[in-house]
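Participant: Take a look at the following structure, please.
The values are calculated or read from the model by the stated rules, or taken from the named source; none is laboratory data. Everything quoted here is computed from the prediction, not taken from an experiment. Note that we place each Cβ from the backbone using ideal geometry, even for glycine, and neighbour counts take in every protein chain shown. Remember, those area values only see protein heavy atoms, side chains included, never the ligands or the DNA or RNA. Shrake-Rupley method; radii C 1.70, N 1.55, O 1.52, S 1.80 Å.
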Amino acid sequence: VDSVGANELAARFRAAREDATLAVLEGFHPVKHALRFGAELLEVVAVDPGEVAALADRLAPDVREELEARLRPVDAETFAALIPTPPATRVAALARRPADELARLVSSPGPGPIVLLDAPRHLGNVGAAIRVAAAAGAEAVAVTGPADPWHPAAIRGAAGLQFALPVGRLESAGQVTRPIVAFDPAGDPLDPEAVPPGAVLAFGSERTGLGSGVAAAATLRVALPMRPGVSSLNLATAVAAALYGLRLAAG
Ligand SMILES: C[S@@+](CC[C@H](N)C(=O)[O-])C[C@H]1O[C@@H](n2cnc3c(N)ncnc32)[C@H](O)[C@@H]1O
C-alpha cells in the first residue's frame, strides 16, 4: 500500500466508524466469525498476512482460504492509523451490517428467546451479552438507549458474533408485542417452565436496572437466585445465566 493508498484506507475506516450501515472489525476473532456467518466484507487488512493465515490454520481452517484470498498487507504505521487500539493479531476489516430487523422481530411471533438490553451503558457488556446469546442459540438481541451494539468495541466484546444472529436497536421497548420476562434481582425466583415460548427476556442497565416502561410491560418479573448478601450479577453474566438456565432446563 503506497502513501496514497494508505490515506485512502484511513479515510475509509474513519468514515465507517460514523456510518450506521458499516461495521469495523478489529482482530482475528471478529473477522473469523464475520466470514463464518456470511458477512459481506468490503476490506480486510493485516500487517503480517502470513501470521494471520497461520492463525487461521490453527483456529479456523474452515475460513482460511477465503480469509487468505482477501487479505491486503499494510505496514504497521498504516494499521495504527486505521485501528487506534491495534489488536495483537494486527488484522482488521470493514463489513456491511445486515439490515436491522429488530422492530419486526419483536412485534411478530418467533421461536425466541429474544434478549432485550434496556439502556445498557458498557459496550463490553453489550458485546459479551451478544456473544453468549449467539452461543446459547437465542433468536436475536435488541438494545434500547444510546449504546450501539455494532460499535467496534461491542464487536470486539462479542468476537464478531453480531453476524451470527439479528442484532439491532429499538427506539423503545413499547415496540415489543411478544410476552416480556423482566429479569430483576427483586423478582420471583425463575421457574423456566413459566417462561412463555418466544418470550423477550429483558435486562436492565448496569446502574439503574430496568426502566419503568419495560417493568410495566412485563408479564413476569423473575430473579436468578443469589447467595444472601450479593446484590446483583453483572449484566452480561445475568444474560448468560438466564439463557443457559432456560436452555439446560429445556433439555
Ligand atoms: C448490574 S444489574 C443492575 C443492578 C441494579 N442496581 C438493580 O437493582 O437492578 C444489571 C441487570 O442484570 C440483571 N440481573 C442482575 N442480577 C440479577 C438477578 N440476580 N436476577 C435477575 N436479574 C439480574 C437485571 O436485569 C439487572 O437490571
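Participant: For region 226-251 and region 1-54, write down the distance between their C-alpha centroids in whole Å.
Facilitator: That distance is 35 Å.
Participant: Taking 41 Å as R0, compute the FRET efficiency from the Cβ-Cβ separation of Ser108 and Leu59 and round it to 0.05.
Facilitator: Efficiency, from the Cβ-Cβ distance: 0.65.
Participant: Say the dipole of the chain comes from +1 at the beta carbon of Lys and Arg and -1 at that of Asp and Glu; which of Leu22, Thr208, Ala129 then lies farthest toward its positive end?
Facilitator: Thr208
Participant: Something else: Would you mind counting up the charge near Arg156? Only other residues with Cβ under 12 Å from its Cβ, with Lys and Arg at +1 and Asp and Glu at -1.
Facilitator: 0
Participant: Using the Cβ atoms and a cut-off under 15 Å, what net charge is assigned to the surroundings of Arg104, where Lys and Arg are +1 and Asp and Glu are -1?
Facilitator: Result for the neighbourhood of Arg104: -2.
Participant: Let me ask another. Using a 1.4 Å probe, what is the accessible area per residue for region 76-212, in Å²?
Facilitator: 41
Participant: Can you tally the net charge around Glu43? Count Lys and Arg as +1, Asp and Glu as -1, for every other residue whose Cβ sits under 10 Å from the Cβ of Glu43. Let's see the in-between values first.
Facilitator: Values: positive: Arg12, Arg70, Arg72; negative: none.
Combined, the nearby Lys, Arg, Asp and Glu give +3.
Participant: Which percent of Cα-Cα pairs in the chain sits in each 5 Å bin, short to long?
Facilitator: Going out from 0 Å in 5 Å bins, the chain shows 1, 6, 14, 17, 17, 14, 10, 9, 7, 4, 2, 0, 0 percent.
Participant: While we're looking at this one, here's another question. Helix-only mean residue ellipticity at 222 nm, the chain, DSSP H runs n ≥ 4 weighted -39,500 (n - 2.57), per residue, nearest 500. What is it?
Facilitator: Theoretical 222 nm ellipticity from helices: -11000 deg cm²/dmol.
Participant: Taking the Cα centre of region 62-193 as origin and charging only Cβ (+1 Lys, Arg; -1 Asp, Glu), how large is the dipole, in debye to the nearest 20? Can you show the working numbers first?
Facilitator: Details: 12 positive and 16 negative charges, 88 e Å.
That gives region 62-193 a dipole magnitude of about 420 debye.
Participant: Putting +1 on Lys and Arg Cβ atoms and -1 on Asp and Glu Cβ atoms, find which of Phe37, Ala6, Leu117 reaches farthest to the positive end of the dipole of region 1-135.
Facilitator: Leu117
Participant: Per residue, how much space in cubic angstrom lies within the convex hull of the C-alpha atoms of region 113-204?
Facilitator: Spread over its residues, the Cα hull of region 113-204 gives 94 Å³ apiece.
Participant: Considering only protein heavy atoms, with the full assembly of protein chains and a 1.4 angstrom probe, order Ser231, Ser108 by accessible area, largest first. The partial results should precede the final answer.
Facilitator: Working: Ser231 95, Ser108 35 Å².
Result, largest first: Ser231, Ser108.
Participant: Here is a follow-up. Give me Rg over Rh for region 137-251, both radii from the alpha carbons and Rh done the Kirkwood way, two decimal places.
Facilitator: The Rg/Rh ratio comes out at 0.94.
Participant: Taking R0 as 45 Å, what's the FRET efficiency between Thr219 and Asp48 from their Cβ-Cβ distance, rounded to 0.05?
Facilitator: 0.25
Participant: Ala15 to Thr177: FRET efficiency via 1/(1 + (r/R0)^6), r the Cβ-Cβ distance, R0 45 Å, to the nearest 0.05?
Facilitator: Computed FRET efficiency for Ala15 and Thr177 comes out at 0.80.
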